[in-house]
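Chemist: Take a look at this one; I'll ask things after.
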Amino acid sequence: MNPQIAACGLFCGTCRKFSKGTCPGCHLNEKATWCTVRACCIEHGWQSCAECTLMPLEACKKFNNVIAKMFQLVFRSDRRGCVERIRKVGCAAFAAEMRLAGSYNRPVRNKINLR
């Protein structure tokens with residue numbers, strides 16, 4: 001399990017709090033009991049929603065709850081795009097792309113040379 005990838009698909013690896021060690025990331029953050037996405041992924045043993053086969057992402061009430069929509073608006077994040085990118089390229093490539101781009105909340109859409 002990559003602690004740099006949050007249950008909702010965001011990339012903790014380039015987050016300032018994660019980098020400074022003041023946030024353990026999604027999966028190890030025991031204070032994040034309010035997050036239904038995190039709880040669901042932990043319950044099923046998934047890294048992120050990218051591994052879910054229970055229902056389409058757009059139908060998931062846990063992923064698309066009011067708090068998530070507010071978070072997306074405030075932080076201008078694209079969790080759905082991140083999950084789709086993880087599904088397309090896998091966790092390792094997604095993490096490498098996000099690290100190289102310096103992004104944590106929006107997936108890299110353009111092909112990046114990852115030598």
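The values are calculated or read from the model by the stated rules, or taken from the named source; none is laboratory data. Owing to the predicted nature of the structure, the values given are computational and were not obtained by experimental measurement. Positions of Cβ are generated from backbone atoms using ideal geometry, with glycine treated the same way; all protein chains shown enter the neighbour counts.
Chemist: Kindly evaluate residue 93 against the criterion of being surrounded by 11 or more Cβ atoms within 10 Å (Cβ to Cβ) and either touching a residue at least 60 places away in the same chain (Cβ under 8 Å) or touching an Asp or Glu at 6+ places or on another chain (Cβ under 9 Å) (or both). Talk me through it step by step, then tell me what you get.
Modeler: Details: surrounded by 11 or more Cβ atoms within 10 Å (Cβ to Cβ): yes; either touching a residue at least 60 places away in the same chain (Cβ under 8 Å) or touching an Asp or Glu at 6+ places or on another chain (Cβ under 9 Å) (or both): no.
Considered against the rule, which asks whether it is surrounded by 11 or more Cβ atoms within 10 Å (Cβ to Cβ) and either touching a residue at least 60 places away in the same chain (Cβ under 8 Å) or touching an Asp or Glu at 6+ places or on another chain (Cβ under 9 Å) (or both), residue 93 comes out as no.
Chemist: Which is buried (at least 16 other Cβ atoms within 10 Å of the Cβ) and part of a helix (DSSP H, G or I), of 87, 106?
Modeler: Numbers: 106 fails: part of a helix (DSSP H, G or I).
Answer to the check: 87.
Chemist: State the number of residues belonging to the stretch 29-71 that are more than 14 Å from residue 10 (Cα to Cα), of a type in the set (Gly, Ala, Ser) and buried (at least 16 other Cβ atoms within 10 Å of the Cβ).
Modeler: 1
Chemist: Quickly run through the stretch 4-42 and pick out the residues that are touching a Phe, Trp or Tyr at 6+ places or on another chain (Cβ under 7 Å) and among the aromatic types (Phe, Trp, Tyr).
Modeler: Matches in the stretch 4-42: 11 only.
Chemist: Output the residue which, of all residues in the stretch 30-73 that are assigned to a loop (DSSP other than H, G, I, E, B) and among the basic types (Lys, Arg), is nearest to the chain's Cα centre (by Cα).
Modeler: To start, the set of residues in the stretch 30-73 that are assigned to a loop (DSSP other than H, G, I, E, B) comprises 30-35, 45-48, 52-56, 60-65.
Subsequent filtering for residues that are among the basic types (Lys, Arg) retains 31, 61-62.
On the way: 31: 17, 61: 16, 62: 14 Å.
Filtering first and then ranking leaves 62.
Chemist: Which number in (1) touching a strand residue (DSSP E or B) at 6+ places or on another chain (Cβ under 7 Å); (2) at pLDDT 90 or above marks the one condition that residue 81 misses?
Modeler: Of the numbered conditions (1) touching a strand residue (DSSP E or B) at 6+ places or on another chain (Cβ under 7 Å); (2) at pLDDT 90 or above, the odd one out for residue 81 is (1).
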